[in-house]
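All remarks here apply to the structure that follows.
Computed from the coordinates by the stated procedures, all read-outs in this text should not be read as laboratory data. Keep in mind the model is a prediction, meaning the values are calculated, not measured. Cβ: placed from backbone, ideal geometry, glycine included. Neighbour counts: every protein chain shown.
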Amino acid sequence: MIEINLSVQNILDGHGIEIAIIGMMVVFTALTLISAFISLLPSVLRIVNFIYPIKDPLSLPDSSDTPKDEILAAIGSALHAAEIGK
Amino acid sequence: MISVKILFEFLDTTGFAMMTWGNAIMIVVGIIFVSLAIIKDYEPLLLLPIGFGVIVGNIPSIQGMALSVYEEGSVLSYIYFGVSKGIFPPLIFLGIGAMTDFSTMLSNPKLILLGAAAQVGIFITFIGALYLGFNPSDAASIGIIGGADGPTAIFLSSKLAPHLLGAIAIAAYSYMALVPVIQPPIMKLLTSKKERLIRMKEPRHVTQREKIIFPVVAFLVAALIAPGAIVLIGMLFLGNLLKESCVTERLANTARNAMIDIVTILLGFSVGASTQAQAFLTNQSLLIFGLGALSFCIATAGGVLFAKFMNLFLKEKINPLIGAAGVSAVPDSARVVQMVGQKEDPHNFLLMHAMAPNVAGVIGSAICAGILWSVLVK
């Protein structure tokens, strides 16, 4: 159980200000470096793509829009059903 | 005569006989959580298992029978082991990584800084908790609630302040569920109508190679700067690499579906069951809830104000509302940004833009946890 003891001295004893400032600096540094890397990435990739070109752009599938087998099967089934309906 | 005696002895061991007011209050709290999940749809995946866990954890247990999470050898204590030893949070991060698309962040990297700015809530609350008399480890665990990231809060408090774990976990998840209530007033207070109407440019197309390289390099940068964050950040980016590599689709599917669901059930239920009235209903818990709310508000304000600050230097202005998404709470705070933005202009779509600081906030809060852990570990 904590005893409430309002005191600025608690902050000083716990190195609160120092930890907070250093913590924010480290978070900003880490995320700024990641941000800088991402900004440079397209330029780096232009060089990489020049050295190691992607022979067939379709050989590197896109995780976000790769059609799933089930979806293809459903589309095929729907087309088949429509064909029979005719 | 003997059978009557046995009957009375049995009646003495029932939950009715041993129920305290505290237990009854906590059971009502549990029922409220379950009701909020079902009726209001507030974070049901979390609040429902937590709420039911609260009910289970507050049924008085019989002396000598190992039943509660705190009794060695009980089944619940084995489930709670994953919480108390910080095993579940990294597994949840693996699932989050496998379901997160970093494309919007990769297309507009300057928005990452909003995810850093929103972490100010953690450190200001850390100072506030120290001022109130908490020791540094407890204060850090309370401050991390402002990261609005339940697994991170659980992970850090399991390492630095295990005795506060129940209160911190409940506070963190409660505030995550209350994002749509807490954030909009702060966002409106700190922005003008003109600022809320700002439209942002469509995000550029991100190639698959960028998406594959990003998790590896971002992990190296974050882990080398803050090694304490290795476990959380490592699992987050491993999950993302499983997704983006396109060669481990089965593993990514398991991580983002079955595995994260199983861990969420076990984590939510055992955290709820750890809130026994005797340990939970204290003035300390009330302080933690108060500080947690403060932390969340400061984090939201920090993100919005930093977005306004960035606008001073940017040619293409960003809508400062998206700064509020820097508190992580994926994807709820991004949805709140979209909702508040569309109230001003129904044709302004901020969701995609808000996802950038949102996922950056996840990385930022994990780094904060790593920093606090490495500085304060004894």
³J(HN,Hα) computed for each position of the range B:211-224 - Karplus, 6.51 cos²θ - 1.76 cosθ + 1.60, integer Hz, glycine/proline x: 5, 7, 6, 3, x, 5, 5, 4, 4, 4, 4, 5, 6, 6
Residues B:TYR42, B:TYR80, A:TYR52 arranged by fewest to most Cβ contacts within 10 Å: A:TYR52, B:TYR42, B:TYR80
For residues of B:224-233, the mean tally of beta carbons on other chains within 10 Å: 2
Gain on full stretching of the segment that runs from B:ILE87 to B:VAL181 - 0.36 nm per residue minus C-alpha separation: 30.8 nm
Distance between modelled label sites at B:SER192 and B:LEU220, nm, 7 Å Cα→Cβ extension: 4.5
Peptide B:115-123, shielding by other chains (average Cβ, 10 Å cutoff): 5
Sequence of B:LEU114, B:LEU164, B:LEU47 once ranked by neighbouring C-beta atoms within 10 Å, starting from the fewest: B:LEU164, B:LEU47, B:LEU114
Potential lengthening between B:ALA258 and B:SER3 on full extension [0.36 nm per residue; Cα-Cα distance subtracted]: 86.8 nm
Packing-based ranking, highest mean first, of A:7-18, B:213-224 given that Cβ atoms within 10 Å are counted: B:213-224, A:7-18
Karplus-derived 3J(HN,Hα), 6.51/-1.76/1.60, for each residue of the range B:278-284, Hz, glycine and proline x: 4, 9, 9, 7, 9, 5, 4
Ranked list, fewest to most other Cβ atoms within 10 Å of each Cβ, for B:TYR175, B:TYR131: B:TYR131, B:TYR175
Chain B: angle of helix B:75-84 to the longest principal axis, Cα-based, in degrees nearest 10: 30
Cα→Cβ-extended label distance, 7 Å offset, between B:GLN278 and A:ALA74, nm: 5.3
Rounded to 10°, Cα long-axis angle of helix B:44-57 versus longest principal axis of chain B: 20
Degrees, to the nearest 10: B:21-35 long Cα axis against longest axis of chain B: 40
Proximal charge balance of B:VAL327 [Cβ under 15 Å; K/R count +1, D/E count -1]: -2
Segment B:GLU72-B:LYS317, length gained on full extension (0.36 nm per residue, minus Cα span): 82.5 nm
Averaged over A:8-17, number of beta-carbon atoms from partner chains that fall within 10 Å: 6
Per-pair calculated FRET efficiency, R0 = 51 Å: B:ILE25 and B:LYS343 via Cβ, rounded to 0.05: 0.85
